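Structure, as structure tokens:
The values are calculated or read from the model by the stated rules, or taken from the named source; none is laboratory data. Keep in mind the model is a prediction, meaning the values are calculated, not measured. FYI the Cβ positions are ideal-geometry reconstructions off the backbone, even for glycines, and counts take in every protein chain you see.
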Amino acid sequence: MDPQTRSPLMPRRRPELLAPGRTLGDVVAALAAEGRTGAVQSTTGVVHLVEGAVLQVESAWALDLPTLLVRSGRIPAQDLLELSRNCEQPLPEALLGSGWVGRGVLELCHLTALSDAAFLALPQDSGPFRFQPDVRPRTGAIRSVEVRTLRAAVARRRALLDRVWPCPRLDGSPLRLSAGAADPAPVRWSRAQRAIVQAADGRRTPLEIARLLGRPAFATLLDVRRLAAAGLVQSPSDPDDLGRPGAQPRASAAAVPVVRPTALPAGPVRLDGGSANPELALLIRLRAALEARL
């Protein structure tokens, strides 16, 4: 989706113009407090609400659900295309009915795509905003998330990045190898981290690298911060001391655990770890604890 144009998920109808707010997240929170249903559009993304809860978030820099399913190897691209062409059901129902994915995997991929897009879109923008009532995404419904829970998850991710390496400008700057950087080949580096190093040509930003590699934006940014903390990459505008006078790497990437997705069982999803399903709640709390070990 091009953030400068109207989302293809929105029908051709006159939108409701909203007064500029501080961020897209602020506007979404205000509409959620009224229990509204519809699509909120800004220059950074589109948020779909159903009775005040977030059903889907889109961002130009985040992988959508179909792309994530293909890139994660859950379903071949050609099979997904044929499924969408030949089935009149919403995509989630078609996928479950076809047997390609189970509900737990589908909900995990949906949660990943929603969280990644929210991380990029909600803290940004100051308007203009457009709201189209009663519009729902054509991809169908999987799980909704409370707005305050989603915004809290975004804040935790921002804090996690800064705990690894407090240099936010690195996220939006072209990335290059640091002078005298160590060899990224040893086994302590993950395959994804080595791919980032190989793509760091001084022209691509971390988000462009994420799109090139077909990875979620947040996971890529986290690896970039780890690599920067280990002294391996930096912004071309930074001096060789990693951007701060006297700065020293806080930790090597080898000392930072690489948190990988865990297949979650079915159940109402809440990003704060709460769930009607105790196994789901336990797994989400475990994932949060792993991310906190930095």
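When segment 16-35 is examined, which residues are found to be of a type in the set (A, V, I, L, M, F, W, C) and either in contact with a helix residue (DSSP H, G or I) (Cβ under 7 Å, 6 or more places away or on another chain) or part of a strand (DSSP E or B) (or both)?
Within segment 16-35, L17, L18, L24, V28, A29, A32 qualify.
What's the number of the condition L222 fails, among (1) under 20 Å from L63 (Cβ atoms); (2) outside the structural domain of H48 (by TED's automatic domain parsing); (3) surrounded by fewer than 15 Cβ atoms within 10 Å (Cβ to Cβ)?
(3)
Quickly run through segment 227-241 and pick out the residues that are buried (at least 23 other Cβ atoms within 10 Å of the Cβ), within 19 Å of D201 (Cβ to Cβ) and either out of contact with any Ser or Thr (no Cβ under 7 Å at 6 or more places or on another chain) or modelled with pLDDT of 95 or more (or both).
L227, A228 - these are the residues of segment 227-241 that are buried (at least 23 other Cβ atoms within 10 Å of the Cβ), within 19 Å of D201 (Cβ to Cβ) and either out of contact with any Ser or Thr (no Cβ under 7 Å at 6 or more places or on another chain) or modelled with pLDDT of 95 or more (or both).
Do we have A62 as under 30 Å from G172 (Cα atoms), assigned to a loop (DSSP other than H, G, I, E, B), of a type outside the set (K, R) and modelled with pLDDT of 90 or more here?
Judged against the criteria, A62 is a match.
What are the residue pairs meeting all of these: first residue in segment 111-140, first residue in contact (Cβ under 8 Å) with a residue 60 or more places away in the chain and assigned by TED's automatic domain parsing to the domain that holds D64, second residue among the polar types (S, T, N, Q) and in a helix (DSSP H, G or I), Cβ atoms under 7 Å, and 6 or more apart or on different chains?
Close Cβ pairs (under 7 Å, with a partner that is among the polar types (S, T, N, Q) and in a helix (DSSP H, G or I)) do not exist here.
From the list R169, R188, R163, R71, which residue is in contact (Cβ under 8 Å) with a residue 60 or more places away in the chain, under 30 Å from P236 (Cβ atoms) and in contact with a Ser or Thr (Cβ under 7 Å, 6 or more places away or on another chain)?
Answer to the check: R169.
Looking only at segment 179-193, decide whether some residue is over 28 Å from R74 (Cα atoms), modelled with pLDDT of 90 or more and charged (D, E, K, R).
No, every residue in segment 179-193 fails to be over 28 Å from R74 (Cα atoms), modelled with pLDDT of 90 or more and charged (D, E, K, R).
For (1) surrounded by fewer than 20 Cβ atoms within 10 Å (Cβ to Cβ); (2) small (G, A, S), each residue gets a yes or a no:
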| position | (1), (2) |
| --- | --- |
| I142 | no, no |
| A200 | no, yes |
| R204 | yes, no |
| E208 | yes, no |
| F218 | no, no |
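Conditions first: (1) touching a residue at least 12 places away in the same chain (Cβ under 8 Å); (2) surrounded by fewer than 17 Cβ atoms within 10 Å (Cβ to Cβ). E88 passes all but one, so which condition is the exception?
Unmet for E88, out of (1) touching a residue at least 12 places away in the same chain (Cβ under 8 Å); (2) surrounded by fewer than 17 Cβ atoms within 10 Å (Cβ to Cβ): (1).
Considering every residue within segment 70-81, establish whether at least one is among the hydroxyl-bearing types (S, T, Y) and part of a helix (DSSP H, G or I).
Within segment 70-81, none of the residues are among the hydroxyl-bearing types (S, T, Y) and part of a helix (DSSP H, G or I).
In segment 36-58, what residues are within 22 Å of L207 (Cβ to Cβ), in contact with a strand residue (DSSP E or B) (Cβ under 8 Å, 6 or more places away or on another chain) and not in a strand (DSSP E or B)?
Once the filter is applied, which keeps residues that are within 22 Å of L207 (Cβ to Cβ), in contact with a strand residue (DSSP E or B) (Cβ under 8 Å, 6 or more places away or on another chain) and not in a strand (DSSP E or B), segment 36-58 yields S42, G45.
So R136 passes all but one of these: (1) out of contact with any Lys or Arg (no Cβ under 8 Å at 6 or more places or on another chain); (2) assigned to a helix (DSSP H, G or I); (3) not β-branched (V, I, T). Which condition number does it fail?
(2)
Within the bounds of segment 63-81, is there any residue that is crowded, with 18+ Cβ neighbours inside 10 Å, polar (S, T, N, Q) and touching a strand residue (DSSP E or B) at 6+ places or on another chain (Cβ under 6 Å)?
Within segment 63-81 (the criterion being crowded, with 18+ Cβ neighbours inside 10 Å, polar (S, T, N, Q) and touching a strand residue (DSSP E or B) at 6+ places or on another chain (Cβ under 6 Å)), the answer is no, since none of the residues qualifies.
Let me spell it out: the conditions are (1) surrounded by 15 or more Cβ atoms within 10 Å (Cβ to Cβ); (2) in contact with a Lys or Arg (Cβ under 9 Å, 6 or more places away or on another chain), and W189 meets all of them except one. Which number is the exception?
W189 satisfies all of (1) surrounded by 15 or more Cβ atoms within 10 Å (Cβ to Cβ); (2) in contact with a Lys or Arg (Cβ under 9 Å, 6 or more places away or on another chain) except (2).
I'm checking my understanding of the structure. Among residues of segment 96-123 that are within 14 Å of the chain's Cα centre (by Cα) and in a loop (DSSP other than H, G, I, E, B), which one is surrounded by the most Cβ atoms within 10 Å (Cβ to Cβ)?
Of everything passing the filter in segment 96-123, L122 is surrounded by the most Cβ atoms within 10 Å (Cβ to Cβ).
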